[in-house]
Each structure stands twice: as structure tokens, then as C-alpha cells.
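The values are calculated or read from the model by the stated rules, or taken from the named source; none is laboratory data. Keep in mind that this is a model prediction, so the values were computed, not measured. FYI the Cβ positions are ideal-geometry reconstructions off the backbone, even for glycines, and counts take in every protein chain you see.
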Amino acid sequence: MSDGTMTPGMRKYVEVNNKYLAERDRYIRDVVKKWKFDTIAVHGLYSVQDAIEDYQGAIIEPVFMSTSQAYRDSDEMAAALEYRIPTWCYSRIANPSTYYYEWALALLEGYGFDGVTECCSTSSGMAAIMTAIQPFLVHKFHNKLEPRNFLATAQCYGGTFQQFNVRMTEERDIECRWIKDATNIDEWASKIDKNTRFLYGELPSNPGLGFFDIKAVADLAHSHNLPLIVDSTVATPALLRPICHGADIVVQSVTKTLTSSGFGICGAVIARKGLITNIDNDDLKNNFSIYVKYLPNRDYGPNLHPMQAIMSLNDMRTLRSKIDMMSRSTMEVAEFLEKHPAVESVQYLGLPNHPLHDLASRYMWLVDAEHDTQYGKPVNRYGHLMSFCIKGGPEPTRKFFDNLQRIWRATDLGRIKSVATIPAISTHQQQGEAGRQLANIPPNMVRLCVGGEHPDDTIADLDQALNTLR
């Protein structure tokens, strides 16, 4: 209702739903937050009670293949459309299947964090980035001529570079100030001014394995009343949870490592409640994810299909064990490539001689390894993504690439199947030579995402392809 008043019938629905929300909050606080990571990944907030009372005992979350929700009467509809009670009035805005996906991801990204995290699902990782940044780029003082800028790490996914460099800077005159050396806190500090809206970083970066000190950059951002947004797609919450280190918002291209099967495209924005920003919007500050779900994204429409939500949720259930296995295999592959005479250099954060190894080792830990019967102590893991450069330049690089027999030639990453690409001619082709130099992506670089195969077989395929260069 436009004047914000409620009828007695609306008030009845609000009271009933407030009790429901209070009980759900208690369940999260007293039960779910005490579970280990694997248990949260398997169950999320879908309980036995939910299944028996609402879904005929289904042990897997149901897929709600419906465009909209029906209401009991006008009072319930009015309360729902004012967002006074939980609703999924239209699946462009919300859906029970996406709710379960969002709740699970919010809990996983917030694992070990004392505060509260919420999640907004999106149709892709690129939609997640758009969702995360757009609310901070409004005209803060309603001055259409007001300049706006933001800072971002130059080492990032090619699609991110295009969104920031073309869609924001070239088309909308919102300046992206690229950070070339993300480990240099002085470079970050020197590019912040009164018109800066947020700081953005990707780590480990795709494909160059860039990294930075999350806490230091978050502290710097907060000292200027700005949020830090982090793309943590490669690490996933199994290895890194930036919100625990001070970040305000995490974006995930869930398409990638979280949905390792490769079944579909999806994304997510996870934010802590009470984030820091110089935008004067209390709803945005208090619960960013819910704000963007029910307001900006209601109007832009980057919604996630309920079928995809459940498929991705199902992939996430074994996340920790998959990331551990893929990380260990990638380490073996990196060690092999490091010694091969046809390889010029190897970029993998797990290698002790990598310049960012020590920094990454402060942040990247296999979650709950200390509680695992296999390890019983904290264990560093560095993920499935690596890159390496072939001696001799682009021509032998393409020859090697074309001779791979079992490793897939594709632009995908994070698959259960190993996938390789040449970024300069694929994922980062559109940003041009100058952009690739800025991001340190040479033409002889190969990006490799090691999958779930036995590492001996992956190494054998790499070896035979490299031996064609002799």
C-alpha cells in the first residue's frame, strides 16, 4: 500500500511470517552455523521438517517450474508485494528453488564469519558483477554531471575487463582506474579520491594468478568509507572466504568451479549485512543482497532459472573434496611443467618459487582440514587454475595446443574435465594488445584448468603435446 499502512488482514500475515523468520534465524544461529562446511554444503537450509511438511518428503530440494506464486487473498498479496513477508511473486524476482541455492551459498561464503551473509542469485557470473557494482554507481547527490570512478585489478577475466573498460568507461563515462600491481597498497591509495565508489579485485586472477592482501585492501577501502568487492570464482569458499578477511561483497561465476559438471550458466552475489559505502541508502547498506534482488534486479531482470539453481546446488554438495582433489592434481601438473625444457615459465600459486606464493599461503586454506581425519591439521591448497608459457612464442604455443589429445580445447574453466585455452586468442582477445599487456597476458600463455582425472593421465597428454615441439 502506497502510504505504508496495513489492514488487519495484512498484519495477520506479517505476524505469522515474522514468527517463521525468527524461527529460521534461530535455526541458522543455533543449528546450521554449528555444522562443519561439508554438512552445510550437503544440506543448506533444506531440512527434514521442510521436506515432510511441505514437499511430500522429497530429500532433494524441489524444482519450482512456475512463473509465479498465487496468494490466499488480497491482504497476503499486498503484504507480499510490499516485501513485508517472504514471497516469490514472480520468478524473475525470486523462486523457492533459487532461495535454497542462495541460502546455501550465503552460508558457505560466510563460514567462519561472525556476522550475517545474504546471497542474490544471477543468471551468470557477468550478471553477478553487474549486480554487484551498479548500485554504487548511481548519482549520489542527484547531480547528473557528477564524475564517478572505481578501482579494479588489471589482472582479471576478459569479460570483466570489457564490462569495466567498455560498458562503464567508454559508454557511460564512469572511469575504471586499473591497478597494475595489486600487491602495492600505495598504488591503490593513490587512485582513490572523493568520487571513488568502490574497490574491486579478482583473486586468484584468471589467467595470470594475480593475488593481493585482502585485509590490507579492505582496510584501505573502509578508511575511505568504500566497499571492497572481490571475485573469488577460482578459489570458491572451499579455499577462500573474502568476507572473513574484511571484504564486503563476493561475486561468484558459479558456472565455473562451483558447478564443476558444466551443466549451465549461473552466478551469485554474496554480501555481509551492514556493509560500508558512501552511498546514502540504508536498505543497500543493511542488506545489500536482498536490496538488489527485490529492487534493481527486479527491474533489470538478470534472474536465475530454478532448474539451474538446483543443478548448481547439487554440484556444490561435494565442493570441498573436489577442490582438494583438483588442487593436489594441479600441483603435480605444475611441478611437471616447471621442469619441462619446452616450458618457459609456470604460473601457479602453489609453487614455492612463485612471487605471490607466501601471500597466497596466508589466505588459501582447505576449509576444515584440521577437522578432517585425512589431514588433522591446517593445509594450504591453491586451486585448479594454472597457466604456463611455451618457449618460442605464439607459433609453437599453437602447435602444442593443437596437439592436445584428451585435454579439451575450450574457453571454459573449473570443469571436472581438464580444459585448456590460449587467453590471447580467446578469453582476453577482445581487450586488445594494450589491455593484455596491462594484465600481463603474453601470446604464448596457455591457461590450464586441471580436472578430476588422475594427474598421471593429464601429465601424459601434456608431455606428448610438448614433445611435438622438439
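Among the candidates 82, 23, 76, 15, single out the residue that is farther than 28 Å from residue 244 by Cα, among the charged types (D, E, K, R), surrounded by fewer than 13 Cβ atoms within 10 Å (Cβ to Cβ) and not assigned by TED's automatic domain parsing to the domain that holds residue 308.
Values: 82 fails: surrounded by fewer than 13 Cβ atoms within 10 Å (Cβ to Cβ); 23 fails: farther than 28 Å from residue 244 by Cα; 76 fails: surrounded by fewer than 13 Cβ atoms within 10 Å (Cβ to Cβ).
When all the criteria are applied, what remains is 15.
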Just to be sure I understand, how many residues within the stretch 29-60 are aliphatic (A, V, I, L, M), crowded, with 16+ Cβ neighbours inside 10 Å and not in a helix (DSSP H, G or I)? 1
Which ones in the stretch 131-188 are of a type in the set (S, T, N, Q), more than 17 Å from residue 430 (Cα to Cα) and either modelled with pLDDT under 95 or out of contact with any Ser or Thr (no Cβ under 7 Å at 6 or more places or on another chain) (or both)? 134, 143, 183, 184
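Restricting attention to the stretch 315-324, does a residue exist that is β-branched (Val, Ile, Thr), touching a residue at least 60 places away in the same chain (Cβ under 8 Å) and surrounded by fewer than 18 Cβ atoms within 10 Å (Cβ to Cβ)? If you could, list the steps in order and put the result at the bottom.
Taking the stretch 315-324 and keeping what is β-branched (Val, Ile, Thr), we get 318, 323.
Among the residues that remain, those that are also touching a residue at least 60 places away in the same chain (Cβ under 8 Å) are: 318, 323.
Still in the list and also surrounded by fewer than 18 Cβ atoms within 10 Å (Cβ to Cβ): 318.
Within the stretch 315-324 (the criterion being β-branched (Val, Ile, Thr), touching a residue at least 60 places away in the same chain (Cβ under 8 Å) and surrounded by fewer than 18 Cβ atoms within 10 Å (Cβ to Cβ)), the answer is yes, since at least one residue qualifies.
Quick grid of which residues meet (1) touching a residue at least 60 places away in the same chain (Cβ under 8 Å); (2) at positive phi; (3) in a loop (DSSP other than H, G, I, E, B):
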site	(1), (2), (3)
396	yes, no, no
404	yes, no, yes
416	yes, no, yes
442	no, no, yes
Any helices (runs of 4 or more DSSP H) falling wholly within the stretch 185-293 and containing at least 2 residues that are free of Cβ contacts under 8 Å to residues at least 40 places away in the same chain and closer than 22 Å to residue 139 by Cβ: 282-286
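Do we have any residue at all in the stretch 303-324 that's within 11 Å of residue 120 (Cβ to Cβ) and assigned by TED's automatic domain parsing to the domain that holds residue 103? Before you say what the answer is, go through the steps one by one.
Let us first name the residues in the stretch 303-324 that are within 11 Å of residue 120 (Cβ to Cβ), namely 303-304.
Next, from what is left, pick out any that are assigned by TED's automatic domain parsing to the domain that holds residue 103: 303-304.
Within the stretch 303-324, one or more residues are within 11 Å of residue 120 (Cβ to Cβ) and assigned by TED's automatic domain parsing to the domain that holds residue 103.
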State all residues of the stretch 48-77 that are farther than 22 Å from residue 8 by Cβ and basic (Lys, Arg); if no residue qualifies, say none. none
Among the residues of the stretch 147-184, count how many are part of a strand (DSSP E or B), in contact with a Leu (Cβ under 9 Å, 6 or more places away or on another chain) and farther than 25 Å from residue 363 by Cα. 2
So which residues in the stretch 395-425 are more than 24 Å from the chain's Cα centre (by Cα) and aromatic (Phe, Trp, Tyr), if there are any at all? 400, 401
Can you tell me how many residues in the stretch 311-363 are part of a strand (DSSP E or B) and in contact with a helix residue (DSSP H, G or I) (Cβ under 9 Å, 6 or more places away or on another chain)? 4
Do the conditions hold for residue 175, that is, is it acidic (Asp, Glu) and out of contact with any strand residue (DSSP E or B) (no Cβ under 8 Å at 6 or more places or on another chain)? no
State all residues of the stretch 364-378 that are out of contact with any Asp or Glu (no Cβ under 8 Å at 6 or more places or on another chain) and either within 20 Å of residue 428 (Cβ to Cβ) or in a loop (DSSP other than H, G, I, E, B) (or both); if no residue qualifies, say none. 364, 367, 372, 373, 374, 375
Cβ-Cβ under 8 Å, sequence separation 6+ or interchain: first residue in the stretch 7-29 and basic (Lys, Arg), partner surrounded by 12 or more Cβ atoms within 10 Å (Cβ to Cβ). Which pairs? 12/75; 24/45
Selected residue [basic (Lys, Arg), assigned to a loop (DSSP other than H, G, I, E, B), under 21 Å from residue 248 (Cβ atoms) and more than 25 Å from the chain's Cα centre (by Cα)] from 144, 140: 140
Matching entry among 434, 439, 410 (being surrounded by 15 or more Cβ atoms within 10 Å (Cβ to Cβ) and of a type outside the set (Val, Ile, Thr)): 439
